1. When the Karplus curve 6.51 cos²θ - 1.76 cosθ + 1.60 is applied with θ = phi - 60°, which whole-Hz ³J(HN,Hα) does each residue of region A:171-187 get, with x for Gly and Pro?
2. Please get the size of the charge dipole for region A:178-253, origin at its Cα centre, with Cβ charges of +1 on Lys and Arg and -1 on Asp and Glu, quoted in debye to the nearest 20.
3. Taking amide hydrogens as modeled 1.01 Å from N in the peptide plane, which residues meet the under 5 Å criterion relative to B:SER17, leaving out close sequence neighbours?
4. Could you work out the mean count of beta carbons from other protein chains within 10 Å of each residue's beta carbon in B:175-187?
5. Suppose we look only past 45 Å in the calculated P(r) of the protein assembly as shown. What percent of the Cα-Cα pairs does that tail hold?
6. In whole Å, what is the distance between the alpha-carbon centres of region B:1-70 and region B:110-146?
7. Do any chymotrypsin sites (Phe, Trp or Tyr not before Pro) in region A:144-205 lie in a loop, going by DSSP, with at most 12 other beta-carbon atoms within 10 Å of their beta carbon, and if so which?
8. In region A:1-96, if the dipole is taken from +1 on Lys/Arg beta carbons and -1 on Asp/Glu beta carbons about the Cα centre, which of A:ALA62, A:LEU96, A:PRO44 is farthest to the positive end?
There are 2 protein chains.
Amino acid sequence: MDMQPMVELWRGGRLESQHAGHAVIWGEGGMVEAWGNPAAIIYPRSSCKMIQALPLVESGAADAAGLSDRHLALSCASHEGAALHVEATGRWLAGLGLSESDLRCGAHEPYDRDERLRLIRAEEKPCQLHNNCSGKHCGFLTMTRHMKADPEYVELDHPLQRAIRQVTEEVCQETVAGHGIDGCSAPNFATSLAGLARAMQSFAAARDTGDARQRAMARLRDAMATHPEMVAGEGRACTELMRAMGGRVAIKTGAEAVFVAMIPEQRLGLALKIADGGTRASEAAVVALLVRLGVLEAGHPMAQKRLPGVQRNWRGLETGELRLATGFA
Amino acid sequence: MDMQPMVELWRGGRLESQHAGHAVIWGEGGMVEAWGNPAAIIYPRSSCKMIQALPLVESGAADAAGLSDRHLALSCASHEGAALHVEATGRWLAGLGLSESDLRCGAHEPYDRDERLRLIRAEEKPCQLHNNCSGKHCGFLTMTRHMKADPEYVELDHPLQRAIRQVTEEVCQETVAGHGIDGCSAPNFATSLAGLARAMQSFAAARDTGDARQRAMARLRDAMATHPEMVAGEGRACTELMRAMGGRVAIKTGAEAVFVAMIPEQRLGLALKIADGGTRASEAAVVALLVRLGVLEAGHPMAQKRLPGVQRNWRGLETGELRLATGFA
């Protein structure tokens with residue numbers, strides 16, 4: 001099946017640019033709705049961090065290390081390297097008797113403006129704690145220590161990565177279609193979009209009174225929804241939209257325009273991918289779907305910020321308009 | 001006709017994201033080659049700044065104001081607001097007896113890192129001179145003064161904008177299909193991709209011994225090709241690629257993934273648009289076409305930087321690969 005046009009940029013009454021992709025909503029009884037091709041194989045990238053964190057919680061490693069929900073939210077985060085994220089990951093590593101140099105995510109400039117300016121003014125270089133994936137890697141190191149495994153935890157045949165592959169197949173209910181290497185050096189397992197939506201449905205429906213898997217899923221989902229500041233950061237879509245939904249829904253973005261959502265009150269999972277990797281479109285599309293499902297108020301300023309609508313230039317003049325494509329959401 | 005897949009991102013042996021669009025190469029005898037739909041109507045955005053500067057040169061206003069080729073390159077620029085651009089536009093305005101507040105482009109943070117850091121350290125705000133379009137607007141003000149026209153030079157019915165509309169129709173050899181408002185508040189006239197390529201062919205073939213139109217075209221084209229540092233800035237595609245081609249070719253990017261090229265030695269014009277507005281794809285596509293036409297060496301570091309190829313992460317690991325799609329270039 002073809003891609004579904006989803007988000008369009010209009011200017012002067014004319015279509016200027018367009019984004020197409022795939023989206024799936026999965027419910028208790030199976031697929032509820034889909035646009036584009038639900039069987040499309042994608043790399044979930046950072047959108048599957050809650051799946052990658054499942055072994056950490058389910059195995060008891062998180063409890064053994066005394067991790068709080070704030071840590072767990074950070075283990076699912078693509079954070080912006082703000083002071084709170086850097087401090088939290090630094091303290092987490094110290095608690096494990098490890099340090100920044102044990103991370104294998106690499107260093108990049110923080111997305112957080114204040115921290116970026118602080119580094120510039122102090123003439124300091126960014127470190128691995130600033131990497132948006134450092135929380136996930138702290139989780140990986142916690143689990144690696146728990147498993148008494150080799151410290152090179154991002155290798156494909158490392159017991160942790162094998163466990164992640166297995167749990168991915170279990171929650172997506174399909175064999176993974178291969179793997180790529182993510183920006184943070186960890187393997188990223190390819191899934192169908194339907195499989196990823198199915199996994200999100202399991203997270204949405206998981207009960208904290210269920211079996212170990214269910215309890216781990218519910219705990220990670222709720223940790224994300226109740227600590228949105230740890231999952232991304234000020235000004236970022238995941239943080240602002242989870243706040244706007246008041247902890248009712250957990251959502252997560254991934255590189256190359258992936259977005260997922262877990263909606264416990266409706267036991268629904270959602271996954272979408274914009275084929276060209278354009279983030280402006282994946283954010284507009286997920287907001288449109290969350291509004292459509294009735295869990296995000298269209299009028300909320302954080303929804304308004306990303307919902308299709310008028311775009312203005314530096315002088316406040318109306319220049320273009322982001323619109324949903326006909327036939328989508 | 002449909003869009004042509006042009007640039008793909010592969011990861012772990014699998015297609016992760018893809019960009020499609022339209023491209024046209026125009027020669028003396030007409031269309032030489034096309035991908036996608038040559039009749040697609042697009043907004044050229046900043047890729048048509050040399051067309052917008054034509055009235056300035058052709059009318060004699062540029063000479064009357066004593067503008068150098070460096071000024072003319074700046075009038076066609078989407079510059080990064082580095083010190084040299086800010087100084088040059090500031091002096092240009094002073095020479096006209098005008099100031100920064102006469103500009104109508106709006107202020108935004110400069111793309112140039114050094115100037116951005118300087119502003120941060122000095123706790124200064126960016127001004128309109130930092131706007132990437134400030135050179136074009138200095139040209140607009142020069143022409144406005146020459147015409148003794150109203151100072152509100154970005155209004156659609158301003159004599160300058162009427163002149164730009166007319167010259168756009170003449171060089172594209174078609175009626176403009178409407179207009180949008182650009183990020184810098186100026187009208188941007190919609191053209192077909194073929195029309196834009198045709199215009200670029202006229203610029204490519206223009207002789208400095210021809211009529212006033214031809215001389216103006218040749219002068220703007222050569223000003224761009226010989227002052228690439230004024231057209232964009234350090235690290236930017238237009239500057240680095242024009243340097244790599246040693247002044248033989250003039251190229252210009254536009255927002256939402258437009259790129260044009262004027263190739264005098266082959267009397268060829270080129271225009272392309274990536275439908276989703278993704279700049280990584282428009283840069284890779286124009287480099288691939290310039291290499292194919294034999295005017296850019298594939299092995300040149302500035303071409304290598306943008307040519308499809310292996311992508312590495314923060315730790316230097318191979319993660320993905322940007323590739324040209326089958327059937328393109």
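1. Ordered by residue, 3J(HN,Hα) equals 7, 7, 6, 7, 6, 5, 8, x, 8, x, 9, 7, x, 8, 6, 7, x Hz.
2. For region A:178-253, the charge dipole is close to 260 debye.
3. Amide H to amide H, under 5 Å and 5 or more residues apart or across chains, B:SER17 pairs with B:LEU9.
4. 4
5. 24
6. Centre-to-centre distance over Cα atoms comes out at 25 Å.
7. none
8. Checking the options against the dipole of region A:1-96, the answer is A:LEU96.
The values are calculated or read from the model by the stated rules, or taken from the named source; none is laboratory data. Remember, predicted model here, so these are calculated numbers, not experimental data. Reconstructed Cβ throughout: ideal geometry from the backbone, glycine too, with neighbour counts over all protein chains shown. Ligands, DNA and RNA are excluded from the accessible area calculation, which covers all protein heavy atoms including side chains. Shrake-Rupley method; radii C 1.70, N 1.55, O 1.52, S 1.80 Å.
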